Amino acid sequence: MIDRIYECSVVPELWPAVLDELAILTDSIGGMLFSARKAVNWTASQNVFDAFETYVKDGWLGKCPRRMCMIEKSQPTFFVEQDFWSKEELANNPFYRDFFHPRGLGWSAGTLLQMPTGDNIVFSIERQLEQGPIERNHVDRLNALRPHLLRSAFVSARLGLQRVQGASETLSRFGLPALVLDAEGKFVEANDRAQSVTDHVKFNEPGRRVAFSDRRAGAFLTSALEKLNGVSATDSLSFPIRNTDGNAAFVGHVMPIKLAAHDIFANSYALLFFTPLDQTRAPSTDLMRSLFDLTMAETRIAKGLMQGQTLTEIAADGDVSITTVRSQLSSILEKTGCGRQAELVGLLANIALGQSDETQDR
């Protein structure tokens, strides 16, 4: 299933079939993938395609309360209706009453990703109204796949959910600095934007390993590449790339090339792309979770540390043991490539620096 998800990254016409699989996994009827940056792009499984075509064409998208609620919650999870509304509120919600219910729909599990590049991605799995709400165990199944879904969808979104003919065109249209690597981390191909990271990443010629000025980034890439054949939801595939002063300049993201994606990237193993940290648009908590695949609990700890709380205070606020908090902190340090708590706080502060007051208050 994970391989098929990553296959969709550069073969986006396969998304409807994967959305159908997610629907079957959760006893639902279908699913939808929506992306927006400079333009709105979307795809859906066949069972709900007509409904979402109307949803987009007739302006329901701009009025959708689900998306706004997910933005306000700003948590790395799939949400269901019960997370936002009571039964009475849902019955009187004009969006559900006038759009979903007449079409036999009304229960969903959805998640949203906001990247500092301005990309917004939404997945929504839809269930028929008569079946009742999507159960928590099904939400847990979706959450286990969430990091893979969003990483793959981010690449698809940058390509406008349209298939391209070859590696060069894919890299050119991607719009972020990107390299293609083999299984040993050797350089295969790059796009023109990759020249913007050459102070931090060295890829002189095909057949030579990619090298980083930040040694920790190099070790992180090696570790990530080793995980790609059997990648799990808990594996971190993103890492900071620091300047000589220790401040993060980019976040590198590793994505496996799977199945039919090899038709685009022949003889390649992974796509390595970079998010510049001077393009921040989302709140710092959003950046933490989207850039480093932090869980909800890990995001809460990172936010607490940013606010000057001790681990004991964070444990008390979350009503969990100090042992649990320390274990989660250890996971955060591993995901962000930091060796110490103070280094983590410095990294997160660096990421938040470029934000406007308006963004922070949103």
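Quick notes
- Across the range 323-344, the qualifying residues are those that are in a helix (DSSP H, G or I) and of a type in the set (Gly, Ala, Ser), and the one among them that is modelled with the lowest pLDDT is Ala342.
- Residue that is open to solvent by 10 Å² or more (accessible area, probe 1.4 Å) and part of a loop (DSSP other than H, G, I, E, B), where the choices are Ala260, Ala266, Ala249: Ala266
- Count of the range 175-204 residues, restricted to those that are part of a loop (DSSP other than H, G, I, E, B) and closer than 28 Å to Ala44 by Cβ, is 2.
- From the list Thr54, Thr43, the lone residue that is within 29 Å of Arg173 (Cα to Cα), buried (at least 19 other Cβ atoms within 10 Å of the Cβ) and β-branched (Val, Ile, Thr) is Thr43.
- Among the residues of the range 40-57, the ones that are closer than 19 Å to Asn120 by Cα and not in a helix (DSSP H, G or I) come to 5 in all.
- Hits in the range 311-322 - residues which are open to solvent by less than 70 Å² (accessible area, probe 1.4 Å) and assigned to a loop (DSSP other than H, G, I, E, B): Val320, Ser321
- Residues that are of a type outside the set (Lys, Arg), more than 19 Å from Arg242 (Cα to Cα) and surrounded by fewer than 16 Cβ atoms within 10 Å (Cβ to Cβ) within the range 323-339 comprise Thr323, Thr324, Ser327, Ser330, listed in sequence order.
- Flag for Gly207 being in contact with a helix residue (DSSP H, G or I) (Cβ under 8 Å, 6 or more places away or on another chain) and part of a loop (DSSP other than H, G, I, E, B): no
- Test: residue in the range 103-117 that is in a helix (DSSP H, G or I), over 25 Å from the mean Cα position of the chain (by Cα), surrounded by 19 or more Cβ atoms within 10 Å (Cβ to Cβ) and touching a residue at least 12 places away in the same chain (Cβ under 8 Å): no
- Residue ID - farthest from Ile134 (Cα to Cα), chosen from residues in the range 57-94 that are open to solvent by 40 Å² or more (accessible area, probe 1.4 Å) and of a type in the set (Gly, Ala, Ser): Gly62
- Just one of (1) out of contact with any Cys (no Cβ under 8 Å at 6 or more places or on another chain); (2) in a helix (DSSP H, G or I) fails for Ser156. It is (1).
- Asp140 part of a helix (DSSP H, G or I) and either more than 23 Å from Val231 (Cα to Cα) or out of contact with any Lys or Arg (no Cβ under 7 Å at 6 or more places or on another chain) (or both): yes
- Taking (1) in a helix (DSSP H, G or I); (2) surrounded by 20 or more Cβ atoms within 10 Å (Cβ to Cβ); (3) not β-branched (Val, Ile, Thr) in turn, Ser172 satisfies each apart from (2).
- Selected residue (criterion: farthest from Cys64 (Cα to Cα)) from residues of the range 19-48 that are free of Cβ contacts under 8 Å to residues at least 24 places away in the same chain and of a type in the set (A, V, I, L, M, F, W, C): Ile24
- Hits in the range 129-145 (condition: within 27 Å of the chain's Cα centre (by Cα) and not acidic (Asp, Glu)): Pro133, Ile134, Arg136, Asn137, His138, Val139, Arg141, Leu142, Asn143, Ala144, Leu145
The values are calculated or read from the model by the stated rules, or taken from the named source; none is laboratory data. Bear in mind the structure is a predicted one, so any value in this text is a computation, not a measurement. Glycine gets a Cβ as well: all are built from the backbone with ideal geometry, and neighbour counts include every protein chain shown. Heavy atoms of the whole protein, side chains included, go into the accessibility calculation; ligands, DNA and RNA do not. Shrake-Rupley method; radii C 1.70, N 1.55, O 1.52, S 1.80 Å.
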